[in-house]
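*Asks:* Pasting a structure here, questions to come.
The values are calculated or read from the model by the stated rules, or taken from the named source; none is laboratory data. It should be emphasised that the depicted structure is a prediction, and the values quoted were computed from it without experimental measurement. Virtual Cβ from ideal backbone geometry, glycine too; neighbours counted across all protein chains shown. The protein model used for the area step is the full one, side chains on, heavy atoms only, and it has no ligands, DNA or RNA in it. Shrake-Rupley method; radii C 1.70, N 1.55, O 1.52, S 1.80 Å.
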Amino acid sequence: MKIFIDTADLKEIRRAARAGLIDGVTTNPSLLAKVMGDADVRDYMKQITDAVNGPVSLEVLATSADSMVEQGRDLASIADNVVIKVPLTEDGLVATRQLRAHGIGVNVTLCFSPAQALLAAKAGATFISPFVGRLDDISHQGMELIAQIREIYDNYGFDTEILVASIRHPLHFVEAAMIGADIATVPPAVLWKFIQHPLTERGLEAFLSDWEKAQLQLAKTEEAKA
Ligand code: E4P
């Protein structure tokens, strides 16, 4: 399963890319607004696209199909690895077909049902983004949606990739992988948690301290011999 980082924070993107953990980036207007300050928007987006060797989702703010296509084409000109994020609306599906016809990758976002996901695939979406955390928030099983989409896409051989979004904890990530999702987009705070395990830390401490003790013992024995 590929891992994307779900943030617009350049420091986190660069750190995760340096560690070789990520295959792409997803942003949304809320994430960009949180970190951009008074930076030039295009310049900031360009820095994100330069920071990762893989697709970077940039979202349109327009709501009519024509404006989405116009904005999407403009955003796509920032870099070759830009994928345009459009909402799962009627206009969004029209824009998806048109952007794909221009050879531009499209991530259809805000997906909350299997029927929506089927329509996005038929429109030629590169990625479909079902939001598991937001479904869990309203007492639905977010992960059930991922399993349903996997089955539907496999039934018909759609090549739209399932990009699990709104991931809130490591279990979401593991369940997505077990279902066979193509990609999980993960916020930095959750991504770093994947590495950590108390037994790893405790084990490493014990190895280092045992080695240190053995070295001290060796030094004492050598000293006694001399
Ligand atoms: C990514 O594409 C989505 O915008 C993001 O995962 C949404 O996550 P949230 O529900 O935690 O805001």
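*Asks:* Can you tell me which residue is least open to solvent (accessible area, probe 1.4 Å) among those in region 1-12 that are away from the ligand (no atom under 14 Å from the Cβ) and of a type in the set (A, V, I, L, M, F, W, C)?
*Replies:* Of everything passing the filter in region 1-12, Leu10 is least open to solvent (accessible area, probe 1.4 Å).
*Asks:* Cβ-Cβ under 6 Å, sequence separation 6+ or interchain: first residue in region 43-72 and part of a loop (DSSP other than H, G, I, E, B), partner open to solvent by 40 Å² or more (accessible area, probe 1.4 Å). Which pairs?
*Replies:* Gly54/Asp23; Val60/Gln71; Ala62/Gln71; Ser64/Asp91
*Asks:* Related question: Taking region 87-117, which residues are part of a helix (DSSP H, G or I), buried (at least 20 other Cβ atoms within 10 Å of the Cβ) and aliphatic (A, V, I, L, M)?
*Replies:* Leu93, Ala95, Leu99, Ala117
*Asks:* Against the definition (in a helix (DSSP H, G or I) and either in the same structural domain as Ser57 (by TED's automatic domain parsing) or modelled with pLDDT under 95 (or both)), how does Ala125 come out, yes or no?
*Replies:* Considered against the rule, which asks whether it is in a helix (DSSP H, G or I) and either in the same structural domain as Ser57 (by TED's automatic domain parsing) or modelled with pLDDT under 95 (or both), Ala125 comes out as no.
*Asks:* Can you tell me which residues in region 16-31 are touching a residue at least 60 places away in the same chain (Cβ under 8 Å) and among the charged types (D, E, K, R)?
*Replies:* Residue satisfying the conditions is Asp23 alone.
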